[in-house]
Amino acid sequence: MPELPEVETIARDLRPLASGRTISAVRIDWPRIVAHPDPEAFVAGLLGRRILGVERRAKWLLLDLDGGSVLAIQVMMTGQLFVVPAAAPADRHVHLLIDLDDGRQLRLRDMRKFARVGLYRRDPAGRVLRDAGGREPGDVFARHGPEPLAPGFTLARFRERVRARRGRLKPLLLDQSFVAGVGNIYADEALWRARLHPLRTVATLRPDDERRLYRSLLDVLAEAVERRGSSIDDYTAPEGDGEMQDHLQAYQRTGLPCLRCGRPMRRITVGQRGTHFCSWCQRLPAVDRAGAAPLLSGQRNRSADEARPGPRWTELAGEGTLGLTPDEAARAAAKTRGGAGRLAADAAKARAERTRRAAETRRRNARAGAGA
Ligand SMILES: [Zn+2]
């Protein structure tokens, strides 16, 4: 699911393609894609408007239009945006087509129809408002937390927000009212980098833990923006896929050796989200263990690879043998009981590779299907 870095990449790609263009026609083949106002008013409000710029707020794309209105697009799970020649054929998954005055078309393609668009207006203070039929207009982002990559988001501000909260770290990072734009991928990555267990409670954090979490979160988001996001499932941007998926250190690495200590990475489910971590590097403080036990044990043996007793660190071969010389690594591999650890890691790797290839094919088809 696209998170802050992915939506930021779409915004950056879209900016030069759409800015300055005037909207000459709009077609929708799925009325429920329009979240606000109704589809007729949405289309009427767009026609003849000039696109002034493209921004991102949280996981939303915001296209400011002349006259003070804002076209908002949430790509959600599987939405993809392309700018293509208007004459290019499109498949049945393209649900919104916006003609631009240069002969091209902005197309929103979504196989699962989760994406939403809306037409709002910008007030002088910069807020994006939803008109509520005569009642006080609502701020669309009233419940969203601050932008983590904005200059004002300092460690002091982060600390203040953390200390006002309760509960466990993983759900906290996913809470859009805590900080905006973080989702499952970068929550797992930030926690792994910070060496903090996803089920750890906020109350147990020491000042240095807070500092590491802040730094890790900002670093991983900035790196992912730099690398154009993670093209893992359906996410692709107008100018092509991202490459952060090749640099992730925790997300979807179940069964693979931890890149820090070599032990197999674990996966549990927290609030229905797959959560990836290293139980050695990301220790749970004693005080949190009893409360976390049901979450940790209930799903311990989900996959055959996880069910197998893991090899000791020193017995691991390949990527797991950080800090060993090639000779030591070879001896360690030979010692591994029947190579079980290596086989589990190989199986995990093969599985990841199959998933990666399937998603790549899907994105290639998407590009063709949208006429790009
Ligand atoms: Zn580890």
- Tell me, which strands (runs of 3 or more DSSP E) wholly within the range 6-65 include 3 or more residues that are not hydrophobic (A, V, I, L, M, F, W, C)? 51-57
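Considering Arg130, Arg104, which residue is surrounded by 15 or more Cβ atoms within 10 Å (Cβ to Cβ), touching a Pro at 6+ places or on another chain (Cβ under 9 Å) and at pLDDT below 95?
Just one listed residue meets the conditions, Arg130.
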- Examine the range 188-208 for a residue that is more than 23 Å from Leu295 (Cβ to Cβ) and over 22 Å from the mean Cα position of the chain (by Cα), and state whether such a residue exists. yes
- Test result for Pro311, over 27 Å from the mean Cα position of the chain (by Cα), at pLDDT 90 or above and not aromatic (Phe, Trp, Tyr): no
- Just wondering, is there one or more residues in the range 8-21 that are more than 27 Å from the chain's Cα centre (by Cα), over 20 Å from Glu239 (Cα atoms) and surrounded by fewer than 18 Cβ atoms within 10 Å (Cβ to Cβ)? no
- Message: Just checking, does the range 219-226 include any residue being in a helix (DSSP H, G or I), crowded, with 21+ Cβ neighbours inside 10 Å, without any contact (Cβ under 8 Å) to a residue 40 or more places away in the chain and outside the structural domain of Ala11 (by TED's automatic domain parsing)?
- Response: yes
- Within the range 182-200, can one find any residue that is part of a helix (DSSP H, G or I) and more than 19 Å from Gly271 (Cα to Cα)? yes
- Task: Can you confirm whether the range 275-293 contains a residue that is of a type in the set (Ser, Thr, Tyr) and within 11 Å of the ligand (Cβ to nearest atom)?
- Result: yes
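The values are calculated or read from the model by the stated rules, or taken from the named source; none is laboratory data. Predicted model, so just to flag it, every value in this text is computed and none were measured. In this analysis, Cβ positions are derived from the backbone assuming ideal geometry, glycine residues included, and neighbour counts consider all displayed protein chains.
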